[in-house]
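Colleague: Submitted below is the structure of interest, expressed as structure tokens.
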Amino acid sequence: MCSVQSFLGVAVTLLCCCVFLQNPSESGMMIKKLKGKPFEVLAKDGYSSRVSMMDNGSMFLEALTLEDQKVFICMLVTLQGLLERHVKVVVHKDPTNLELLEQAAELEIGKLAKIGQCNAIDANPAANITWFKNNKTLSHDGEGIVIDDSVQVHAVTGLSTTSSTLRYSAGKGDADASFTCGTLDLAGQPRVSLPVTFTITYPTENVSLKVLSEGVLLEGDNVTLRCVADGNPAPTTFNFFIKGEVKNVVDSDSYTMTNINRDATGEYKCSLAEKPSLEASINLTVSYLNVDLSPSEEVVKKAGDTLVVALKVDSSGDHKVSWTKDNGLLKADQVPTFKNLTYSDAGVYEGQVTLGPLRRVVSFQLVVEGAPVITLLTKRLGEDGRHKVLTCEAEGYPKPTITWSVNGTWLEETPYINGKVSQKITVVPSANLTVYCTVSNQFSQQIQSINVSSLFEEVRMDKQDQSDNGDQTKLAIGIVAGLLLVGVIVGLAYWIYM
């Protein structure tokens with residue numbers, strides 16, 4: 001049996017030579033054609049205006065109605081006998097509307113509740129409705145998902161309206177879930193209702209206490225505590241336990257402490273006002289770092305004295321200390337100690353104490369003063385051999401002034417570093433002389449001398465040394481030659497004797 005499907009109100013063509021209704025007596029329509037004669041349609045008023053025949057024997061039926069949904073029989077009488085063909089006509093109509101009604105206001109977790117009713121109106125055949133959650137099909141399981149379908153046929157039009165009711169047991173994960181219902185049209189294309197979401201309500205089971213302030217808590221900060229409950233709707237009345245006191249908060253889940261100090265360190269709690277057994281706690285630590293240095297300003301000491309440096313640190317945790325002198329990092333992280341001060345100890349000392357993001361810097365300047373002392377007095381011949389270079393080095397504070405007892409040519413003076421300074425001059429002595437170097441500052445002075453020989457006498461001595469060296473060379477050569485001669489004579493005598 002062939003099947004022809006079409007939509008309500010449109011025309012359809014049934015292919016055959018002769019066509020009869022399945023029960024002509026009931027429909028009152030018959031189409032016949034005798035050989036050599038035109039088609040003749042015998043039909044009631046319901047078909048007479050809608051039925052026509054084509055030359056090839058096909059029947060053309062206009063404006064399909066639901067009453068046309070039946071089996072037509074095509075019969076052909078030939079010499080060989082009676083030929084018969086059945087053609088089933090199916091009339092389709094998609095729903096005129098798909099609506100989701102009677103939606104729930106909210107869902108309570110764990111309880112089976114009606115999500116809504118989905119209606120597919122005026123369809124033929126009756127529409128099949130499918131439910132979706134987040135675009136995934138929901139299937140009836142009789143427990144957490146219950147789907148009830150019903151179909152009503154309109155008494156006049158004969159069209160069917162399908163109603164499907166979904167009852168669903170929601171969980172916490174359904175808070176943002178989207179529910180829809182849908183059907184498929186004759187072409188297999190989905191038709192889906194507008195999505196709906198629901199508020200999921202459930203009681204509070206857990207409470208947590210959080211600190212809204214970021215980073216390390218410091219003295220002087222403001223701290224906000226927030227009590228978070230996992231119920232929906234969220235509770236709005238809480239008790240905060242602040243250092244032995246109960247603070248009741250209404251229409252809020254937070255409590256703020258202002259200008260805290262180190263005494264705020266400790267345990268804090270919160271609970272539901274309506275259910276005190278649900279509580280949470282948290283420990284707060286207020287960080288602080290106080291540093292005291294002695295001495296903390298400029299300190300003046302004498303060379304050889306002792307200086308005691310004391311660093312006191314009051315902190316909320318383990319801290320780190322580093323020291324620098326004149327911006328140079330000292331090897332040891334310990335407080336500098338001075339048992340026998342020298343001029344090189346003078347400088348600016350800076351101590352840095354850190355505790356996490358906290359940083360404190362303290363410093364003092366050490367001045368070591370005293371009478372100047374000559375530490376080096378030397379002489380040497382210049383590279384060109386035409387002058388003498390004298391060097392005088394001294395240490396002391398304030399900076400020593402260096403003077404000479406001769407009029408020489410000033411060559412250079414080194415920078416004054418760590419209490420030391422040196423000066424060089426050049427002289428051209430024409431005779432042996434004694435040169436004095438004097439160093440002085442506001443405390444005292446010191447004088448040392450050095451003997452400097454005549455530059456010309458040294459030249460004569462050099463020549464004499466060269467002459468003496470020549471004579472000594474000649475003498476050595478003569479001795480060597482004599483020894484060789486004696487050796488030859490002794491050897492000759494021995495040969496003659498033998």
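The values are calculated or read from the model by the stated rules, or taken from the named source; none is laboratory data. All figures in this text were calculated on a predicted structure; none of them were measured in a lab. With ideal geometry, Cβ positions are generated from the backbone for all residues, glycine too; neighbour counts draw on all protein chains shown.
Colleague: Residues that are in a loop (DSSP other than H, G, I, E, B) and at pLDDT below 90: does segment 75-86 have at least one?
Modeller: Within segment 75-86 (the criterion being in a loop (DSSP other than H, G, I, E, B) and at pLDDT below 90), the answer is yes, since at least one residue qualifies.
Colleague: State yes or no: is V91 under 30 Å from L159 (Cβ atoms) and either at pLDDT below 80 or among the hydrophobic types (A, V, I, L, M, F, W, C) (or both)?
Modeller: Taking the combined requirement at face value, the residue satisfies it.
Colleague: Specify which of the listed residues (G396, G351, G385, G304) is surrounded by 13 or more Cβ atoms within 10 Å (Cβ to Cβ), out of contact with any Phe, Trp or Tyr (no Cβ under 6 Å at 6 or more places or on another chain) and either among the small types (G, A, S) or on the phi > 0 side of the Ramachandran plot (or both). Please lay out each step first, then the result.
Modeller: On the way: G351 fails: out of contact with any Phe, Trp or Tyr (no Cβ under 6 Å at 6 or more places or on another chain); G385 fails: surrounded by 13 or more Cβ atoms within 10 Å (Cβ to Cβ); G304 fails: surrounded by 13 or more Cβ atoms within 10 Å (Cβ to Cβ).
Exactly one residue qualifies, and that residue is G396.
Residues are listed down the side, and each one gets a yes or a no for (1) polar (S, T, N, Q); (2) modelled with pLDDT of 95 or more; (3) part of a helix (DSSP H, G or I):
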{"residue": "N259", "(1), (2), (3)": "yes, yes, no"}
{"residue": "K269", "(1), (2), (3)": "no, yes, no"}
{"residue": "E274", "(1), (2), (3)": "no, no, no"}
{"residue": "A280", "(1), (2), (3)": "no, yes, no"}
{"residue": "D292", "(1), (2), (3)": "no, yes, no"}
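Colleague: Collect the residues in segment 135-145 that are over 18 Å from N119 (Cβ atoms) and not in a loop (DSSP other than H, G, I, E, B), keeping them in residue-number order.
Modeller: If the condition is that a residue be over 18 Å from N119 (Cβ atoms) and not in a loop (DSSP other than H, G, I, E, B), then K136, T137, I145 are the ones that fit.
Colleague: Ok, one more. If we scan segment 71-78, do we find a residue that is in contact with a Lys or Arg (Cβ under 9 Å, 6 or more places away or on another chain), aliphatic (A, V, I, L, M), over 22 Å from S52 (Cβ atoms) and in contact (Cβ under 8 Å) with a residue 24 or more places away in the chain?
Modeller: Within segment 71-78, none of the residues are in contact with a Lys or Arg (Cβ under 9 Å, 6 or more places away or on another chain), aliphatic (A, V, I, L, M), over 22 Å from S52 (Cβ atoms) and in contact (Cβ under 8 Å) with a residue 24 or more places away in the chain.
Colleague: Only one of these conditions is not met by N407: (1) loosely packed, with under 14 Cβ neighbours inside 10 Å; (2) at pLDDT 95 or above. Which number is it?
Modeller: Answer for N407: the failing condition is (2).
Colleague: Which residue out of E274, E267, E298, E245 is exposed (fewer than 12 other Cβ atoms within 10 Å of the Cβ) and not assigned by TED's automatic domain parsing to the domain that holds A234?
Modeller: Going through E274, E267, E298, E245 in turn, the sole match is E298.
Colleague: Test of understanding: among E84, E108, which residue is acidic (D, E), surrounded by fewer than 19 Cβ atoms within 10 Å (Cβ to Cβ) and touching a Ser or Thr at 6+ places or on another chain (Cβ under 7 Å)?
Modeller: E108
Colleague: Please indicate, with yes or no, whether at least one residue in segment 99-113 is without any contact (Cβ under 8 Å) to a residue 60 or more places away in the chain, of a type outside the set (A, V, I, L, M, F, W, C) and part of a strand (DSSP E or B).
Modeller: Among the residues of segment 99-113, not one is without any contact (Cβ under 8 Å) to a residue 60 or more places away in the chain, of a type outside the set (A, V, I, L, M, F, W, C) and part of a strand (DSSP E or B), which makes the answer no.
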